[in-house]
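These notes are about the structure you will find just below.
The values are calculated or read from the model by the stated rules, or taken from the named source; none is laboratory data. Quick caveat: nothing in here was measured; it's all calculated off a predicted structure. Positions of Cβ are backbone-derived with ideal geometry, glycine not excepted, and every protein chain shown enters the neighbour counts. Heavy atoms of the whole protein, side chains included, go into the accessibility calculation; ligands, DNA and RNA do not. Shrake-Rupley method; radii C 1.70, N 1.55, O 1.52, S 1.80 Å.
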Amino acid sequence: MLPRDGLGFGVALYRVEAHRGHAGPAGELVIRVWGEPLLSVLDQVLATIRRAGYRSTDLGPKRRAPFKIAEEDAVRLGLLFAALKPLRKHRRIEEVARAVASMEPEEAHYWFSKVTTGPEQGRIRRALRIMVSDE
């Protein structure tokens with residue numbers, strides 16, 4: 001959990017090399033998310049950390065230790081965070097979250113690589129949101 005200047009808390013997703021096994025300064029920051037987008041998908045975040053063997057109550061404002069989650073779960077969360085981060089309309093957040101959850105693993109990996117690397121990330125994130133929602 002990350003403090004957000006009195007606005008609550010957020011989460012950050014880091015990419016780490018498999019042989020290192022730790023995040024933080026040694027890991028590469030992929031994306032941070034907070035506010036309405038995070039609150040809207042908190043159930044998916046909690047389900048992911050439960051699948052990784054943690055309790056839901058382990059996610060709290062005082063936690064500083066990283067959660068170690070499976071690659072596929074991390075890719076899906078990263079894609080979800082990247083697609084939702086600028087959104088505010090709850091209906092659209094739900095549409096995008098449903099679309100990401102229903103993607104095949106290969107499709108999720110493809111989009112994750114597109115929305116987290118390269119100079120066109122913002123444009124590709126917008127294209128993904130348009131593709132999977134009504135707006």
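Here the condition is being of a type in the set (A, V, I, L, M) and touching a Gly at 6+ places or on another chain (Cβ under 6 Å); of V132, V96, V30, it holds for V30 alone. Checking the stated criteria, L29 turns out to be in contact with a strand residue (DSSP E or B) (Cβ under 9 Å, 6 or more places away or on another chain), exposed (fewer than 15 other Cβ atoms within 10 Å of the Cβ), farther than 20 Å from A127 by Cα and among the aliphatic types (A, V, I, L, M). In a residue-by-residue description of region 80-93, the property of being closer than 17 Å to V16 by Cβ, at pLDDT 90 or above and in contact with a strand residue (DSSP E or B) (Cβ under 6 Å, 6 or more places away or on another chain) applies to at least one position.
Only residues that are buried (at least 19 other Cβ atoms within 10 Å of the Cβ) and over 21 Å from S40 (Cα atoms) were counted in region 82-115, giving 0. Of the residues that make up region 124-133, is at least one among the polar types (S, T, N, Q), open to solvent by 40 Å² or more (accessible area, probe 1.4 Å) and out of contact with any strand residue (DSSP E or B) (no Cβ under 7 Å at 6 or more places or on another chain)? No, that holds for no residue.
Modelled with pLDDT of 90 or more, in contact with a Leu (Cβ under 6 Å, 6 or more places away or on another chain) and assigned to a helix (DSSP H, G or I), is that true of A108? Considered against the rule, which asks whether it is modelled with pLDDT of 90 or more, in contact with a Leu (Cβ under 6 Å, 6 or more places away or on another chain) and assigned to a helix (DSSP H, G or I), A108 comes out as yes.
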